[in-house]
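Notes follow the structure.
The values are calculated or read from the model by the stated rules, or taken from the named source; none is laboratory data. Note that this is a predicted model, so its numbers are computed, not measured. Cβ placement follows ideal geometry from the backbone for every residue including glycine, while neighbour counts extend to all protein chains displayed. To get the accessible areas, we keep the full protein, side chains included, count just its heavy atoms, and leave off ligands, DNA and RNA. Shrake-Rupley method; radii C 1.70, N 1.55, O 1.52, S 1.80 Å.
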Amino acid sequence: MEMTEGILGAIKNNVGHAKHSEFYGMHLSDIDPGDIKTEADFLKLPFTEKDDLRGAYPLGLNAVPDEKIVRIHSSSGTTGMPVIIPYTERDVHDWAVMFKRCYETAGVTERDRVHITPGYGLWTAGIGFQAGAEMLGAMALPIGPGNTDKQIMMMMDLKSTVLCATSSYALLLAEKITERGILDKIHLKRALIGSERWGEKMRKRIANELGVRLYDIYGLTEIYGPGIGISCDFECGMHMWTDYLYYEIVNPKTGVRVRQGEVGELVITTLNKEGAPLVRYRTHDLTRELTGECACGLKFPRIDTLIGRSDDMVKVKGAIIYPSSVDETLAGVDGVSSEYQIMIDHLNGKDIVTLFFETEVPADGYDGLEKTVKDSFKAAIGITVNAKAVGLGDLPRSEKKSTRIFDNRY
Ligand code: ZN
């Protein structure tokens, strides 16, 4: 996004403030905030990686006196040490303001009943959805994940109008509701779906089977949590709340900024965060910047729907597989559902790619469908896969973000 005098000033303050923390005190020890006068000076600042934050465990990111911290959250690290993010009262407030703005952008009002399925606790998701809904004045239903039968009962009895969920959990709910034929008892109008890359087919299934309009909500624990950006009615990427953050898009390999409109990794610098300010934080989310005004009238700039994560991009036999290109390829084959899993193994000196996909076609049609999928893959991505059809619902669904590409080679 464009660098202005105002943003440069905010970044300078943020860098000066960040240096009060143990981590940035060392990480930016050579940097004098007063020297950041131009965009080129900003670009000399080192990136911050998730591993840096892990190394700052437990409270090495805290940039204010301990008594100013009112809450901590922690990112769901599957490996290694957790990342602890401390929040001041103002951070908690600012996050709710951004989240309220997300609901407003999605057309949610104080008359809505907001059914919140993401988890509560150290994870930021549930409480972020709740704080924004309460600030808006809507009725928050803090149900959390799991117990799908009870979810659906409460959704019917309390007449929930807005569903907040990950895409895989929204799909699971949609499947259960369709299975039971109870769509006429469901009052949902909108669904705010957590920032996971998800394909057109899955989107259409959730929208049709739940009868809702879908919004992509973006965020990560390291930068407040979900709610720092959202798509609008015009479904053209996500507006980012750039009064709270500055973002740039860089080549994930070289760290150099890409040209406007090119795909790269999203890097975020916070502008007002007190507890744990971040400078040039690498999100590993792949996207691109969209240009031009949005028809909705919001002036906040937009990034495209996530294309995947730079750590999910896998290279096989010289070709790069992005989860989004798998989605697109499968979307082009009739009879294939949105759900798939890819296993990459190394056997007898060769990389073997197995693609499991769900289909509603009866088992005697599997052979033909598998051949079509194999041919489409070869044509679109340039590699040969073993395509294996399975029935609808046979692949695992998850309440959190789901992993679809498993690289077992290393
Ligand atoms: Zn818009």
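Quick notes on this one:
- Candidate set: region 100-148, residues that are at pLDDT below 95 and among the polar types (S, T, N, Q); chosen: the one least open to solvent (accessible area, probe 1.4 Å): THR124
- Those residues of region 352-362 which are in contact (Cβ under 8 Å) with a residue 24 or more places away in the chain and either surrounded by fewer than 16 Cβ atoms within 10 Å (Cβ to Cβ) or among the aromatic types (Phe, Trp, Tyr) (or both), in sequence order: THR354, PHE356, PHE357, GLU360
- Test for VAL279: is it among the hydrophobic types (A, V, I, L, M, F, W, C), surrounded by fewer than 20 Cβ atoms within 10 Å (Cβ to Cβ) and away from the ligand (no atom under 16 Å from the Cβ): no
- Residue match in region 266-275 (condition: open to solvent by 20 Å² or more (accessible area, probe 1.4 Å) and either within 16 Å of the ligand (Cβ to nearest atom) or over 28 Å from ARG71 (Cα atoms) (or both)): no
- Close contacts from region 325-345, counting a first residue that is closer than 14 Å to ARG205 by Cβ and in the same structural domain as VAL361 (by TED's automatic domain parsing) and a second that is charged (D, E, K, R) and surrounded by fewer than 17 Cβ atoms within 10 Å (Cβ to Cβ), with Cβ to Cβ under 6 Å and a gap of 6+ residues or different chains, come to ALA331/GLU200.
- The single condition among (1) surrounded by fewer than 20 Cβ atoms within 10 Å (Cβ to Cβ); (2) under 23 Å from LEU298 (Cβ atoms); (3) more than 16 Å from the ligand (Cβ to nearest atom); (4) basic (Lys, Arg) that ARG203 does not meet is (1).
- Condition broken by VAL263, with the remaining ones in (1) open to solvent by less than 40 Å² (accessible area, probe 1.4 Å); (2) away from the ligand (no atom under 16 Å from the Cβ); (3) in contact (Cβ under 8 Å) with a residue 40 or more places away in the chain; (4) among the aliphatic types (A, V, I, L, M) satisfied: (1)
- One residue from ILE321, ILE249 being crowded, with 21+ Cβ neighbours inside 10 Å, over 25 Å from GLU222 (Cα atoms) and among the β-branched types (Val, Ile, Thr): ILE321
- Sole exception among (1) more than 30 Å from LEU369 (Cα to Cα); (2) buried (at least 20 other Cβ atoms within 10 Å of the Cβ); (3) more than 16 Å from the ligand (Cβ to nearest atom) for LEU330, by number: (1)
- Flag for GLU110 being under 20 Å from CYS232 (Cα atoms), of a type outside the set (A, V, I, L, M) and without any contact (Cβ under 8 Å) to a residue 40 or more places away in the chain: yes
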